[in-house]
Amino acid sequence: MKVSPRQVLAALLLGLMLLALFAGGAQPEAAGLIPAPWDKLAHLTLFAVLALLLRGGLGLPAWLALLIALGIGAADEFHQAGLPGRFAGLDDWLADLVGALLGLALLRLWGRRTRA
């Protein structure tokens with residue numbers, strides 16, 4: 001199986017995003033960095049990009065890209081539950097879900113426009 005430069009770039013960007021999410025999010029200064037309700041916009045944006053990279057960059061099926069994104073979102077919430085000053089929340093995970101769905105919808109819309 002041949003790996004394209006697009007896939008390599010997507011994998012590198014995904015790795016950097018996960019490093020920022022888990023290692024960066026574990027830093028004490030991350031607590032309260034983005035105040036509510038703007039934190040939900042941050043979740044939405046991050047997970048839209050994550051889904052775009054999984055689907056558009058790596059070429060995963062949409063259902064698998066969504067499943068992976070939601071798994072990462074759940075892992076992030078569990079991770080936050082054990083950090084001082086951070087809180088896990090269903091509302092954050094739902095923002096992750098909406099963001100991932102938005103990213104996949106935008107990619108699908110773009111695909112339709114480029115085919116037309």
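The values are calculated or read from the model by the stated rules, or taken from the named source; none is laboratory data. Just so we're clear, the structure is a prediction, and the values are computed from it rather than from any experiment. Here the Cβ positions follow ideal geometry from the backbone for every residue, glycine too, while neighbour counts run over all protein chains shown. When the accessible area is computed, the model is the full protein with side chains, heavy atoms only, and any ligands, DNA or RNA have been set aside. Shrake-Rupley method; radii C 1.70, N 1.55, O 1.52, S 1.80 Å.
A few comments on the model shown:
- Chymotrypsin sites (Phe, Trp or Tyr not before Pro) within the stretch 41-97: DSSP coil, no more than 12 neighbouring Cβ in 10 Å: 87
- Per-residue ³J(HN,Hα) for the stretch 37-51, Karplus 6.51 cos²θ - 1.76 cosθ + 1.60, θ = phi - 60°, Hz, x for Gly and Pro: x, 5, 4, 5, 5, 5, 4, 4, 5, 4, 7, 5, 5, 4, 5
- Rounded to the nearest 20, the Cβ-based charge dipole of the chain about its Cα centre (Lys and Arg +1, Asp and Glu -1) stands at 840 debye.
- C-alpha long axis of helix 5-19 to longest principal axis of the chain, angle in °: 10 degrees
- Selected from 97, 64, 14 as most flexible by GNM, with the chain as the system and alpha-carbon contacts under 10 Å: 64
- Interchain or long-range residues, amide H under 5 Å from residue 86's placed H: none
- Average projected area [Cα convex hull, the stretch 1-101], square nanometres: 6.3 nm²
- Full-stretch length increase - residue 114, residue 67 - with 0.36 nm per residue and alpha-carbon distance subtracted: 14.3 nm
- Accessible surface for the chain, divided over its residues, is 63 Å² per residue with a 1.4 Å probe.
- Carbon-plus-sulfur accessible fraction, the stretch 18-88 (probe radius 1.4 Å, protein heavy atoms only): 77%.
- Here the ratio of the Cα radius of gyration of the stretch 41-81 to 2.2 N^0.38 Å is 1.16.
- Label-to-label distance, residue 94 versus residue 36, with points set 7 angstrom from Cα along the beta-carbon direction: 1.2 nm.
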